[in-house]
Amino acid sequence: MAIHFNERNKTFYIGGKDFSYIFRIKDGRLQHLFFGKRIKEQDVSYIADGRKTEFAPTVSDGAESSDVLTQEYPVYGRGDYREPAVLITAADGGRTTDFIYRSHSILKNKSKISGMPTLRGGETLVIELQDELYGLILSLYYTVYEDCGAVVRRVVLKNGGKSDVIINKINSFSVDIPRCDLDKICLQGGWAKERGVERSALTHGIFEVSSTRGSSSHHLNPFIALCDKNADENVGEAYGFNLVYSGSFSVKAQVDQLGITRVGGGINEKDFRWALKVGESFETPEAVLVYSAEGLGKMSRNFHDLYREYLINPAYAYKKRPVVLNCWESFYFDFNDKSLSELIAKAKGTGIDTFVLDDGWFVGRNSDKAGLGDWHVDYDKLSGGLKAVADDCRAAGMKFGIWIEPEMVSEDSELYRAHPDWVVRHPDLTPCKGRHQLVLDFANPDTVDYVKGVISDLLKENDVSYVKWDMNRNITEFYSVYLKERSQEFAHRYILGVYALAEHLTASFPDVFFEGCSGGGGRFDAAMLYYFPQIWTSDNTDALSRAFIQYGTSFCYPLSAMSGHVSACPNHQTARITPFSSRTAIASFCSTGFELNLNALTEEETKGIKKHVEFYDGISDLILKGDLYRLLSPFDGNYFSQMVVSKDKKKALFILMKKLARCNDVYPVVKLKGLNENFTYETGGRLYGGDALMNVGLKFPNDLKDFETVLMVFTVRGAEK
């Protein structure tokens, strides 16, 4: 049993094959005891007893102060001066709550969250707490995934009192870890340089990763890790925390005076104010807590397994992904029937199975200054409409895909002229624009319903098999004409509207493959993966840049979730020239495709496309199902290396990339990971013992050129050496 309550010592034991999560009821409140490597069920309350400090307030003489307790869901105003998990304002102006244990239940499987992405299945503990003063009922949900080293948490707050209240803050989770000798890791960046790995010591005070942009953002991902100072990819304790949320978020780690680290997160409380009326409930998004006793690599593999098995649409999680040719970098807005037809014909016989028509196909869209919102084909460009393009695709043996940006509108559009009230803006202010466009008010159900209808008609009327869903600007003003004085609810209601549209479209068109995008990787998060099996990882398609971006993304998200294409050189973002073989090698470690004009390629490069598709077909099972091992970080040296190994350890894909050539360089030696030491592996006609590959390693030439890669496939040639 993954969840057990010991009635004698009032302790909850949550566990899987590799971890334990333990907390107890003490004086009616929930006290955290342990989150770490799997231990036998026993009384470990001694670890939390006896903490005290001077000048700490208590409710009664002799009682422990809340300011020194390790807590599961801390409140505001009862003597704990650290970050609270929940903060409300009652009708009488009071902001102090005191949630006391009332009951608990253990569910065989958890129910789906209303209106938000949720992981499937899992034995679930539900603990009900009550604040007697205001009649508020707080339900804490803990879902355990034994095979993935993960606990998934969320909260439901119900107003069971007699007066309305305001929610000022409500975290999805909070946990107090009784240690402070840790490093913190976050994934930071910006457009075209997403999810760079940043590691530093955790210090006293508050460390926060957050977004106030209305999306999870290019800049800071809703993920942090805490780990031993000596932890690396293979050894040491590591904790990973990830929100299943796509809107404005906050995750904080706070070290207090006694060396306790409090980690918590959820919807960003900045500019958040939710009116909770009598009888209403508020549900938070889910949060994933992962533990590893085997370093950062195991932490990441736990996330990967969890999301592939329990989050991503099961119809696509392990299904071979479309190999896409996207025409954006081929033409941008400048295309017509003839140029598209020629490009599609050129792809015939290459193995590319899906053509995606990117931005510019709809009326008024000859630049990024007009047309968004008017999702009707431009017959001046495409005289035969989208159906003719789809026919060309079928003739070339390919499926047809299309680009949309359903959350946006141009001022120069029929939709805006008809419904200026459907735009995010204050009526008395000139709104900020980004990429010459405005954001539709998805907090307004009428707006969402309209977009549901027009996009559904688009997909019904055309033979569309693939949709690239983009979102190219962040939100400003944060005001809704629909919500008016309740506009501090806008940011969360907006993302609920996005989820409602995504739920409708993916459920109504189950055979259409949806890819997420937000100016590249600006909304690459677990919640989007619930609807979109893969996400355009970055607008930056440069092979070297992608080594960094994909490396960082892999800290939390599986390779199969990353969409990465082979593009032309000089690269459109960096102007860098990299070998074609390096571009295909980097694109082999994700869901692959192409972002270039086939008509501009040399004959050798065209043959290279076919060769890459054939190669990828043979290793795509590894990308979909395998275990990732990061070997050399591009952030730390002149080489990037990683490998992915099948679950049965009989097959592996390895890459080494050199960043810059150096005269008389050292010979790089790389020790492989994740293999079976008793297996014999073959690559390039040579046999190696698994033990030798992992302990002796492989030596590579010291004269590799700039950005040159080595790509190797290992297969078993016998169970024993």
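Residues Val464, Val454: which one is outside any helix (DSSP H, G or I) and either within 30 Å of Asp392 (Cα to Cα) or in the same structural domain as Gly247 (by TED's automatic domain parsing) (or both)? First the steps, then the outcome.
Details: Val454 fails: outside any helix (DSSP H, G or I).
Exactly one of Val464, Val454 is outside any helix (DSSP H, G or I) and either within 30 Å of Asp392 (Cα to Cα) or in the same structural domain as Gly247 (by TED's automatic domain parsing) (or both), namely Val464.
Beta carbons closer than 6 Å, at least 6 apart along the sequence or on distinct chains, pair a first residue in the range 7-19 that is within 11 Å of Ser45 (Cα to Cα) with a second that is among the basic types (Lys, Arg) for Lys10/Arg24; Thr11/Arg24.
Please verify whether Leu30 is farther than 26 Å from Asp164 by Cβ and surrounded by 19 or more Cβ atoms within 10 Å (Cβ to Cβ), treating the condition exactly as stated. For Leu30, the condition - farther than 26 Å from Asp164 by Cβ and surrounded by 19 or more Cβ atoms within 10 Å (Cβ to Cβ) - is met. If the condition is being more than 25 Å from Met408 (Cα to Cα) and either of a type in the set (Gly, Ala, Ser) or more than 32 Å from the chain's Cα centre (by Cα) (or both), then the range 351-389 contributes Gly351, Ser383, Gly384, Ala388. Of the set (1) surrounded by fewer than 20 Cβ atoms within 10 Å (Cβ to Cβ); (2) under 20 Å from Tyr494 (Cβ atoms); (3) touching a strand residue (DSSP E or B) at 6+ places or on another chain (Cβ under 7 Å), all apply to Asp228 but (2). A residue that is over 22 Å from Phe173 (Cα atoms), in contact with a Cys (Cβ under 7 Å, 6 or more places away or on another chain) and either assigned by TED's automatic domain parsing to the domain that holds Phe19 or not small (Gly, Ala, Ser) (or both) cannot be found anywhere in the range 238-256.
Of everything listed in (1) without any contact (Cβ under 8 Å) to a residue 40 or more places away in the chain; (2) closer than 30 Å to Lys399 by Cβ, the single unmet condition for Asp446 is (2).
Checking the conditions here, which among Ala491, Ala527 is of a type outside the set (Asp, Glu), outside the structural domain of Leu187 (by TED's automatic domain parsing), closer than 30 Å to Lys184 by Cα and under 18 Å from the mean Cα position of the chain (by Cα)? Explain how you work it out, then say what you get.
On the way: Ala491 fails: under 18 Å from the mean Cα position of the chain (by Cα).
Going through Ala491, Ala527 in turn, the sole match is Ala527.
Which of the residues that make up the range 217-235 are of a type outside the set (S, T, N, Q) and touching a residue at least 60 places away in the same chain (Cβ under 8 Å)? Working first, answer last.
Looking only at the range 217-235, we keep the residues that are of a type outside the set (S, T, N, Q), and these are 218-220, 222-229, 231-233, 235.
Listed by number, the residues that qualify are His218, Pro222, Phe223, Ala225, Cys227, Ala231, Asp232, Glu233, Val235.
Looking only at the range 323-353, which residues are among the polar types (S, T, N, Q) and under 24 Å from Cys517 (Cα atoms)? Result: Asn326, Ser330.
What residue, of Gly360, Gly401, Gly385, is closer than 21 Å to Lys338 by Cβ, out of contact with any helix residue (DSSP H, G or I) (no Cβ under 6 Å at 6 or more places or on another chain) and surrounded by fewer than 20 Cβ atoms within 10 Å (Cβ to Cβ)?
Of Gly360, Gly401, Gly385, the one residue that is closer than 21 Å to Lys338 by Cβ, out of contact with any helix residue (DSSP H, G or I) (no Cβ under 6 Å at 6 or more places or on another chain) and surrounded by fewer than 20 Cβ atoms within 10 Å (Cβ to Cβ) is Gly385.
Here Ser174 meets each of (1) among the hydroxyl-bearing types (Ser, Thr, Tyr); (2) touching a Leu at 6+ places or on another chain (Cβ under 8 Å); (3) closer than 18 Å to Arg29 by Cα; (4) surrounded by 22 or more Cβ atoms within 10 Å (Cβ to Cβ) with one exception, condition (2). The lone criterion from (1) farther than 17 Å from Gly115 by Cβ; (2) modelled with pLDDT of 95 or more; (3) in contact with a strand residue (DSSP E or B) (Cβ under 7 Å, 6 or more places away or on another chain) left unmet by Asp463 is number (2). Has the range 94-114 got any residue that is surrounded by 16 or more Cβ atoms within 10 Å (Cβ to Cβ), assigned by TED's automatic domain parsing to the domain that holds Lys270, among the charged types (D, E, K, R) and over 30 Å from Asp256 (Cα atoms)? Among the residues of the range 94-114, at least one is surrounded by 16 or more Cβ atoms within 10 Å (Cβ to Cβ), assigned by TED's automatic domain parsing to the domain that holds Lys270, among the charged types (D, E, K, R) and over 30 Å from Asp256 (Cα atoms), which makes the answer yes. Criterion first (touching a Leu at 6+ places or on another chain (Cβ under 9 Å), in a loop (DSSP other than H, G, I, E, B) and surrounded by 18 or more Cβ atoms within 10 Å (Cβ to Cβ)) does Phe707 satisfy it? When the stated conditions are applied, Phe707 passes them.
Quick one: would you say Val75 is surrounded by 14 or more Cβ atoms within 10 Å (Cβ to Cβ), out of contact with any Lys or Arg (no Cβ under 7 Å at 6 or more places or on another chain) and of a type outside the set (D, E, K, R)? Give the derivation first.
On the way: surrounded by 14 or more Cβ atoms within 10 Å (Cβ to Cβ): yes; out of contact with any Lys or Arg (no Cβ under 7 Å at 6 or more places or on another chain): yes; of a type outside the set (D, E, K, R): yes.
Yes: the conditions hold for Val75.
One residue is enough: does the range 546-566 have a residue meeting the conditions assigned by TED's automatic domain parsing to the domain that holds Asn599, among the aromatic types (Phe, Trp, Tyr) and under 22 Å from Ser330 (Cβ atoms)? No, the conditions are met nowhere in the range 546-566. For the range 1-53, the tally of residues that are of a type in the set (A, V, I, L, M, F, W, C), in a loop (DSSP other than H, G, I, E, B) and under 28 Å from the mean Cα position of the chain (by Cα) stands at 1. Against the numbered list (1) more than 32 Å from the chain's Cα centre (by Cα); (2) without any contact (Cβ under 8 Å) to a residue 24 or more places away in the chain, Ser111 comes up short only at (1). For the range 471-521, the set of residues classified as more than 28 Å from Trp328 (Cα to Cα), hydrophobic (A, V, I, L, M, F, W, C) and in a loop (DSSP other than H, G, I, E, B) consists of Phe478, Val481, Leu483, listed by residue number.
Is it true that some residue in the range 677-684 is assigned to a strand (DSSP E or B), farther than 16 Å from Leu632 by Cβ and of a type in the set (Gly, Ala, Ser)? Steps first, please.
The initial filter retains those residues of the range 677-684 that are assigned to a strand (DSSP E or B), namely 680-683.
Subsequent filtering for residues that are farther than 16 Å from Leu632 by Cβ retains 680-683.
From what's left, of a type in the set (Gly, Ala, Ser): none.
No, every residue in the range 677-684 fails to be assigned to a strand (DSSP E or B), farther than 16 Å from Leu632 by Cβ and of a type in the set (Gly, Ala, Ser).
The values are calculated or read from the model by the stated rules, or taken from the named source; none is laboratory data. Nothing here was measured: the structure is a model prediction, and the numbers come from that model. Heads up, the Cβs are rebuilt from the backbone with ideal geometry, glycines too, and the neighbour counts pull from every protein chain shown.
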